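Q: My structure is below; once you've seen it, I'll send some questions.
The values are calculated or read from the model by the stated rules, or taken from the named source; none is laboratory data. Given the structure is predicted, the values throughout are model-derived calculations rather than measurements. As a convention, Cβ positions derive from the backbone with ideal geometry for all residues, glycine included, and neighbour counts pool all protein chains shown. SASA here: full protein model, heavy atoms, side chains in, ligands and nucleic acids out. Shrake-Rupley method; radii C 1.70, N 1.55, O 1.52, S 1.80 Å.
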Amino acid sequence: MKIQQNYSYEIMEVCLLAGKIMLISGAETYRVEDTMMRIAASYGVKDSHSYVTPTGIIFSIESDQPTKTKLIRIMERTTDLDKVTNVNAISRKISNGELNVDEAYDLLKEIEDAKSTYSLALQVIAAAIASGCFLIMFQGQWSDFFPAVLAGGLGFMAVIYFHRLVPIKFFSEFLASFLIGLLAYLFVMTGLGTEMDKVIIGSVMPLVPGLLLTNAVRDLMAGHLISGLSKGAEAFLTAFAIGSGIAVVFLLF
């Protein structure tokens, strides 16, 4: 099947946009590569190659025309599994022949431009409640529930605020964990809390990179060694930043 040059470029744009949305939203590397190649195959491209790392996507199409290759740089990554699910749904529709190239591209652009499903206020509230629940799960006392809720909510808000000021994850996570440790210390000293360690453990849990660790292991198991190791290193840095912020509080007080 011969593919016109302009049409092959359109197919490449659809594949790259789908891969970009998935990678930014927290999808595994092997899932991104597989989705891009399946979309290309559904549009008649038998020979396509994708190479994905946490910071970039390289995709090429081989046809009767000269081989076309394009690179996309990924600067920011977050967690939005709703967008990953929506892209997978579009990919299945493409595989079933329900969408042409233009329709698929328009739907993917809508997903890319869509705002987060949950507002910032709702995310902070959820992190605060989760902090209190984690405290109980780690056998903390009910008297420490509300101190953990306050420290966890303020800590989650702080990591977002500091990241906007200085777009370096290590510093924002370090400062947020330092704030959590400081609040836990103040709560215990003023009598509002009883077990400082349990309050800290519950409050920092929303900052723990659970999805990142899971994706790192899954990528390593799938044979994507570079992506798996890089995600593992990023998770380690996050854990180190959290531990360092708490350690500074203990050193000071």
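Q: Which residue, ASN86, LEU165, MET37, has the largest displacement toward the positive end of the dipole of segment 37-190 when charges sit on each Cβ (Lys, Arg +1; Asp, Glu -1)?
A: Highest projection toward the positive end goes to LEU165.
Q: Could I ask something else about it? For segment 70-144, just say rounded, prolate or oblate: build the C-alpha gyration tensor, square-root its eigenvalues into a ≥ b ≥ c, call rounded for a/c under 1.5, and beyond that prolate if a/b exceeds b/c, oblate if not.
A: Note, shape of segment 70-144 comes out prolate.
Q: Please report the relative contact order for segment 32-96, taking Cα pairs under 8 Å with a sequence separation of at least 6, and give it as a percent rounded to a whole number.
A: It rounds to 27 percent for segment 32-96.
Q: Let me ask you something else. What is the pair-distance distribution P(r) of segment 12-57, computed from all Cα-Cα distances in 5 Å bins starting at 0, with each bin given as a whole percent?
A: 5, 26, 39, 20, 8, 2
Q: Can you give me the relative contact order of segment 123-199 as a percent, contacts being Cα pairs under 8 Å and 6 or more apart?
A: 34 percent
Q: Rg to Rh for the chain: what is it, with Cα atoms only and Rh by Kirkwood?
A: Value, to two decimals: 1.10.
Q: With a/c under 1.5 counting as rounded, go ahead and sort segment 40-106 into rounded, prolate or oblate using the C-alpha gyration tensor (a ≥ b ≥ c being the square roots of the eigenvalues; past the cut-off, prolate if a/b is larger than b/c, else oblate).
A: Taking the square roots of the gyration eigenvalues as a ≥ b ≥ c, segment 40-106 is oblate.
Q: Also: When the dipole is taken about the Cα centre of the chain, and only Lys, Arg (+1) and Asp, Glu (-1) are charged at their Cβ, what size is it in debye, to the nearest 20?
A: 240 debye
Q: Add -39500 (n - 2.57) for each DSSP H run of 4 or more in the chain, then divide by its residues: what number comes out at 222 nm, to the nearest 500 deg cm²/dmol?
A: -22500 deg cm²/dmol
Q: Moving on. Return the lysines within reach of LYS231: Cα separation strictly under 17 angstrom, same-chain partners fewer than 8 residues apart disregarded; answer none if there are no such residues.
A: Result set, ordered by chain and number: LYS20, LYS169.
Q: Considering only protein heavy atoms, what is the solvent-accessible area of LEU120 at a probe of 1.4 Å, reported in Å² to the nearest 10?
A: Rounded to the nearest 10, that gives 80 Å².
Q: Assuming 0.36 nm per residue, please report the length gained on full extension of the stretch LEU192 to TYR51 beyond their Cα-Cα distance.
A: Extra length from LEU192 to TYR51 when fully extended: 45.5 nm.
Q: Would you mind calculating the relative contact order of the chain from Cα pairs under 8 angstrom and at least 6 residues apart, reporting the percent as a whole number?
A: About 17 percent, as a whole number.
Q: Leaving ligands, DNA and RNA out of it, work out the accessible area of SER116 with a 1.4 Å probe and give it in Å² to the nearest 10.
A: Here the accessible area works out near 70 Å².
Q: Hey, any idea what % of segment 98-253's accessible area is carbon plus sulfur with a 1.4 Å probe?
A: Carbon and sulfur atoms account for 73 percent of the accessible area of segment 98-253.
Q: Not counting ligands, DNA or RNA, and with a 1.4 Å probe, what is CYS133's accessible surface area in Å² rounded to the nearest 10?
A: 70 Å²
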